[in-house]
Amino acid sequence: MATLEIQVPDIGDFDEVTVIELLVKPGDTVRADQSLLTVESDKASMEIPSSHAGVVKELKVALGDKVKQGSLVLLLEVAGEASAPNPAPEPVEQAPDAAASVAPAAAPAAPTPVAPVAAAAGPVEVRVPDIGDFKDVTVIEVMVQVGDSVKLEQSLVTVESDKASMEIPSGAAGVVQELKVKLGDTVNIGDLLLILQGSAAVAAPAAAVAATPNVPADPAAQAPAANAAVAAPAAVVAAPALPAHNPTALALGLPHASPSVRKFARELGVPLAEVKGTGLKGRITDADIESFTRSVMSGAVQTAAIAAQQAAKPAAAGGGEGLGLIPWPKVDFAKFGPIERKEMSRIKKISGANLLRNAVMIPAVTNHDDADITDLEAFRVLTNKENEKSGIKVTMLAFLIKACVAALKKFPDFNSSLDGDAVVYKQYYHIGFAADTPNGLMVPVIKDADKKGIFQISQEMSELAKKARDGKLSPAEMSGATFTISSLGGIGGRYFTPIINAPEVAILGVCRSTMEPVWDGKAFQPRLMLPLSLTWDHRVIDGAAAARFNVYLAQILGDFRRVLL
Ligand code: CAO
């Protein structure tokens, strides 16, 4: 065994960076290249990977510490004789328990600062500067749009590799004439980001001419941009300069989170902008993403928008002023008789805020209809009898999920979400179902329900419902629904008006089926009728489409062979 000193590697031009996240603790086994901690400057965050596999013996930094190249990060115990894989400044000690200095694998290079050197008029091409060793970084945020006035050094886009994210500020001032990148694009050094109608200082493309990452550009190399052309677009490299920390910009722009947290959030479909960070300086941590996702529950809750929750708070808490309403009545209930006061559960508080937001913000309409499920119920009962030994009980809800998928395919508007002025049509069919649990409502999700059969859906549903009741649903199991069904069929009732699970645009409520006399043109026949209540977002869906959706759904439930048509 040898003990290695893991130090902060060359992190480019950053003088000092703050430790904002510790990703390991003493006793943890780490792989070579595994991220150990996240450091952050005012414009970039990066993860510092381990150069070796081993066991963390001692952490030498704490949250909030300032570190720079060469700072000792931790002591790592490595098996046998350690050797540094990447250029290491110090040879590794081989003596047992001797501490050795090892530089971790190359860390992300810092964008190189450049200075504004000249005024420009006319179109100015703003390009990706030298961003160090990164290739094919992804644009994860575009902070400006056409027509925006951009100041020199104002952040334009955020790019992200698997280990770092950084904002790319503008090397020129002006008005955005044309955007050349969009979310999800991959870019490299020199790629065109946007064209500005230049009006002020232009930064020289110093970063672009820096010979190697992490090496400050030669000031002489800044000269060409001083002559930024007037007629032809001037080639300007976005200057990754590092102005002083600007909390306002942060608040308005990129949520504060490390690349791995962003990736985690993306995997779960969590909108980072809606997550409240509890880390240093309000930074969003993995735990925040997890607790956010855990709070996604109830028949009317999918995502928690903190901002909306805040806005909704006055009303929820007894105000109403936020909505311009008269205050909630304050009554001394004890005056009228004995009372008991109980705090609402955390889940109820969170889901309440979400329900309120969804109820207030969505112009929702509910259509009611009935489906004749006489034959389907007979088939279900027979199927269960025939498959008694399998241990899988086929439920009406499984058929409903399958029938809804067919209806969603026929009416794609119902499987969409609103995103600003655009409608996002999802080509996958993840169906959430409201589950009543002792802790409150949860909405587990059957993923890819279109690709699953009734048995599989029934089995998954019963497993997920059990997990929900036991409080063991993982965030991933509650994420990504495209449509939700809330079934009160096992309980009773006729119709109700479910609240849409934003950002979905529709939800189906189902109540208990009852035997009813149905006129067949000659006589009343006893038929098993299932009450359906479809709530839909009128911004995306029209009443006629909703009526058609219900009619089609009822037709399928009436004769499941229609699914094949
Ligand atoms: N009509 C008549 N009977 C129905 C029915 C319907 N629409 N749906 C279910 N049933 C019957 C079942 O067949 C079962 O009967 P048996 O025990 O005789 O077989 C019984 O009711 C209980 O069913 P279930 O509720 O256990 O199973 P399910 O698949 O219908 O539902 C689940 C599962 C998790 C959705 C349900 O347990 C649940 O939690 N429902 C509540 C959802 C809710 O609260 N929604 C409101 C949200 S808005 O506040």
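The values are calculated or read from the model by the stated rules, or taken from the named source; none is laboratory data. These numbers come from a predicted model, not from an experiment. So basically every Cβ, Gly included, is an ideal-geometry build from the backbone, and we count neighbours across all protein chains shown. The protein model used for the area step is the full one, side chains on, heavy atoms only, and it has no ligands, DNA or RNA in it. Shrake-Rupley method; radii C 1.70, N 1.55, O 1.52, S 1.80 Å.
Give me the number: length gained by fully extending LEU183 to ALA378, i.e. 0.36 nm times residue separation minus the C-alpha to C-alpha distance, one decimal in nm.
65.1 nm
Ordered by residue, what ³J(HN,Hα) values in Hz, to whole numbers, does the stretch 520-526 give under the Karplus form 6.51 cos²θ - 1.76 cosθ + 1.60, where θ = phi - 60° and Gly and Pro are x?
Couplings: 9, x, 10, 8, 7, 10, x Hz.
In terms of solvent-accessible area of protein heavy atoms at a 1.4 angstrom probe, what is the ranking of LYS43, LYS466, LYS389, highest value first?
Heavy-atom accessible area, descending, gives LYS389, LYS466, LYS43.
Which order do you get for HIS538, HIS430 if you rank them by accessible area with a 1.4 Å probe, largest at the top?
HIS538, HIS430
Quick one: accessible area per residue over the stretch 1-52, 1.4 Å probe, rounded to a whole number of Å²?
32 Å²
In whole Hz, what ³J(HN,Hα) sequence does the stretch 56-72 give by Karplus (6.51, -1.76, 1.60; θ = phi - 60°), x for Gly and Pro?
Running phi through 6.51 cos²θ - 1.76 cosθ + 1.60 with θ = phi - 60° gives 5, 8, 7, 8, 10, 10, 10, 3, x, 5, 9, 10, 9, 3, x, 4, 6 Hz.
Highest first, please rank the peptides 67-74, 189-196, 160-167 by the mean number of other Cβ atoms sitting within 10 Å of their residues.
Those peptides, ordered most packed to least, come out 160-167, 189-196, 67-74.
What residues have an amide H closer than 5 Å to that of LEU156, excluding those fewer than 5 places away on the same chain, when H is modeled at 1.01 Å from N in the peptide plane?
ILE168, SER170
Of LYS163/LYS276; LYS348/LYS385; LYS348/LYS410; LYS135/LYS180; LYS393/LYS472, which pairs sit farther than 30 Å apart, going by alpha carbon to alpha carbon?
The pairs that break the limit, which is 30 Å between Cα atoms, are LYS348/LYS385; LYS348/LYS410.
At a Förster radius of 56 Å, what calculated FRET efficiency corresponds to the Cβ-Cβ distance of VAL518 and ASP470, to the nearest 0.05? Intermediate values should be presented prior to the final figure.
Values: r = 41 Å, r/R0 = 0.73.
Efficiency computed from Cβ-Cβ geometry: 0.85.
Counting only protein heavy atoms and a 1.4 Å probe, tell me what percentage of the stretch 393-547's accessible area is made up of carbon and sulfur.
Values: 3690 of 6690 Å².
Reported share for carbon and sulfur atoms: 55 percent.
Cut-off under 15 Å on the C-alpha distance; same-chain residues fewer than 8 positions from LYS263 excluded. Which aspartates and glutamates are left, in chain and number order?
GLU47, GLU141, GLU160, ASP162, ASP286, ASP288, GLU290
Calculate, for the stretch 358-409, the solvent-accessible area per residue in square angstrom, rolling a 1.4 angstrom probe over the heavy atoms of the protein chains.
Accessible surface, normalised per residue, equals 50 Å².
Please give every one of the lysines within straight-line cross-link reach of LYS60, meaning a C-alpha to C-alpha distance under 18 Å, and leave out same-chain neighbours fewer than 8 residues apart.
Answer for LYS60, where 18 Å is the Cα cut-off: LYS25, LYS68, listed by chain and number.
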